[in-house]
Amino acid sequence: MNTSDQIVNAALNEFYQHGFHATGVDQLSRVAGVTKRTLYRYFPSKDHLIEAALNLRDTQFFEHMQAFVEAADVVDRPQAYVAFLAHWGNEGNFCGCAFINAAAEFAEHSASPHVLSKAHKLRVLNYLEVICAQAGAMDPATMAMQLFLIGEGLIVAMQTMGASAPLAEAALKSVAQIFRVS
């Protein structure tokens, strides 16, 4: 792993665990194992590092989500998306969605982290529309939006209340119900 990747990986973990504003450059350089000068050589500002970390998270999330979802039969992929989220919520280091967290910390819609968060969520929504169409939904766009909202609600519920079987079961039942009527 090169120095830039080392810095971004460490930063993503710190931002995810502690928050974007609460994580300082001193902490980031220490955890990455580089001097502040080296950190600034690769990333001229903390904002640049936040952007790089969110871009990395977008890539990581999509790789994991697609591998999980696409391992299921085509007709089961909408439910597999929710199952993926429930599985993610049970991971020991789960701190919610980095993009929801970023949008909350950078509430101004024109702020770069907010813009990147919106782009990530639209990418998820577009992917959900594809899997809903493949699964045979009569109205894939509406089904995808409903699936997206169920998923986002599940993420926030798991972040605030902790992951649990009843939360996952309720989300999966909701998907089953809307898919039946779509």
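The values are calculated or read from the model by the stated rules, or taken from the named source; none is laboratory data. Here the structure is a predicted model, which means the values were calculated and not measured. Cβ: placed from backbone, ideal geometry, glycine included. Neighbour counts: every protein chain shown. Just so you know, the surface numbers come from the protein's heavy atoms only, side chains and all, with ligands and any DNA or RNA stripped out. Shrake-Rupley method; radii C 1.70, N 1.55, O 1.52, S 1.80 Å.
Taken over region 76-87, the criterion of being under 16 Å from R180 (Cβ atoms) and open to solvent by 60 Å² or more (accessible area, probe 1.4 Å) is satisfied by D76 alone. Within region 112-139, residues that are in contact (Cβ under 8 Å) with a residue 24 or more places away in the chain and farther than 17 Å from F61 by Cα reach partners that are surrounded by 15 or more Cβ atoms within 10 Å (Cβ to Cβ) and among the small types (G, A, S) with beta carbons closer than 6 Å, at six or more positions or on different chains, in the pairs C132/A144; A137/S182; M138/S182; D139/S182. Identify all residues within region 13-38 that are open to solvent by 20 Å² or more (accessible area, probe 1.4 Å) and not in a helix (DSSP H, G or I); write none if there are none. H21, A22, G24, G33, V34, T35, listed by residue number. The lone criterion from (1) among the polar types (S, T, N, Q); (2) under 17 Å from the mean Cα position of the chain (by Cα); (3) modelled with pLDDT under 95 left unmet by S182 is number (2). Taking the criterion of being part of a helix (DSSP H, G or I), open to solvent by 70 Å² or more (accessible area, probe 1.4 Å) and among the charged types (D, E, K, R), the residues of region 39-75 that qualify are R41, D47, E63. Could we say that E169 is charged (D, E, K, R), in a helix (DSSP H, G or I), surrounded by 13 or more Cβ atoms within 10 Å (Cβ to Cβ) and at pLDDT 95 or above here? For E169, the condition - charged (D, E, K, R), in a helix (DSSP H, G or I), surrounded by 13 or more Cβ atoms within 10 Å (Cβ to Cβ) and at pLDDT 95 or above - is not met.
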